[in-house]
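None of the figures in this text is laboratory data; all of them are computed from the coordinates on show. From a predicted model like this one, the values you see are computed outputs, not experimental measurements. We place every Cβ from the backbone using ideal geometry, glycine too, and count neighbours over all the protein chains shown.
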Amino acid sequence: MKKKSKIRLAYVVATLLLMITEVLIALYVRDNFIRPYVGDVLAVILIYTFIRIFIPEKCRILPILIFIFAACIEILQYFDLVSILGVENNTFLRILLGSVFDLKDIVCYAVGCIVLGIYEIIRVNKR
């Protein structure tokens, strides 16, 4: 198996595990730390692993781009994007897009992207 194929497979597995973890957190965890904070940190890592399936080469700015994307989605929540799009009755989209703006979520996204940035640095330095 080629090296890129192995890397892609690793990201597929990581994406699936993170997705399962996020779903389990959303369905079963009702606390004041894991669900609101760890879940948001894992959300940006999930996006990263999903993108890496298709772009396995190094892309040092990917964590920054993911942070910008996540922060933009959070800011759109402030403007009630779900209502603007008319999907407030669609549970899946309402959960996916979020419906409540919280500055702490942006901080969590930043933490997740910092972790990803450190991972990128370690990954590049290994080569």
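Calculate, for R94 and I53, the FRET efficiency according to 1/(1 + (r/R0)^6) with r their C-beta to C-beta distance and R0 25 Å; round to the nearest 0.05. Working shown, then result.
Details: r = 26 Å, r/R0 = 1.05.
With a Förster radius of 25 Å, E is 0.45.
Can you check what the Kirkwood hydrodynamic radius comes to for the range 3-67, Cα pairs only, in Å to one decimal?
Details: mean 1/r = 0.0795 Å⁻¹.
It works out to 12.6 Å.
Which one of L103, L81, L93 has the biggest mean-square fluctuation once the chain is modelled by GNM with Cα springs under 10 Å?
L93
By the scheme Lys and Arg +1, Asp and Glu -1, what is the net charge of all other residues having a beta-carbon under 13 Å from that of F54? Walk me through the numbers on the way to the answer.
Working: positive: K4, R8, R52; negative: E57.
The answer is +2.
Can you tell me the dipole magnitude for the range 66-127 around its Cα centre, using point charges on the Cβ only (Lys, Arg +1; Asp, Glu -1), in Debye to the nearest 20?
Numbers: 5 positive and 6 negative charges, 95 e Å.
Value, rounded to 20: 460 debye.
Compute a Gaussian network model of the chain, connecting alpha carbons closer than 10 Å, and tell me which residue from E74, E88, E22 fluctuates the most.
Among E74, E88, E22, the largest GNM mean-square fluctuation belongs to E88.
On each of the three principal axes of the Cα atoms of the range 57-96, give max minus min coordinate, whole Å, ordered largest first.
The Cα atoms of the range 57-96 stretch 40, 19, 12 Å along their principal axes.
Could you check how many percent of all C-alpha pairs in the range 66-127 are farther apart than 14 Å?
Values: 1155 of 1891 pairs.
Roughly 61 percent, rounded to a whole number.
Over the alpha-carbon set of the chain, divide Rg by the Kirkwood Rh and report the Rg/Rh ratio to two decimals. The partial results should precede the final answer.
Values: Rg = 15.7 Å, Rh = 15.6 Å.
Expressed as Rg/Rh, it is 1.00.
Top mean-square fluctuation among V38, V107, V29, Gaussian network model of the chain, C-alpha springs under 10 Å?
V29
Between the DSSP loop rule and a limit of at most 12 other Cβ atoms within 10 Å, which chymotrypsin sites (Phe, Trp or Tyr not before Pro) in the range 1-85 are left?
Details: sites: Y11, Y28, F33, Y37, Y48, F50, F54, F67, F69, Y78, F79; in loops: F33, F79.
When the chymotrypsin sites (Phe, Trp or Tyr not before Pro) of the range 1-85 are filtered for loop state and at most 12 Cβ neighbours within 10 Å, F33, F79 remain.
Taking the Cα centre of the chain as the origin, how large is its charge dipole in debye, to the nearest 20, when only Lys and Arg (+1) and Asp and Glu (-1) carry charge on their Cβ atoms?
On the way: 15 positive and 10 negative charges, 227 e Å.
That gives the chain a dipole magnitude of about 1100 debye.
Which loop-located trypsin sites (Lys or Arg not before Pro) does the range 24-72 contain, where loop means any DSSP state but H, G, I, E or B and the Cβ has at most 16 other Cβ atoms within 10 Å?
On the way: sites: R30, R52, K58, R60; in loops: R30, K58, R60.
Listed in order of number, the matching sites are R30, K58, R60.
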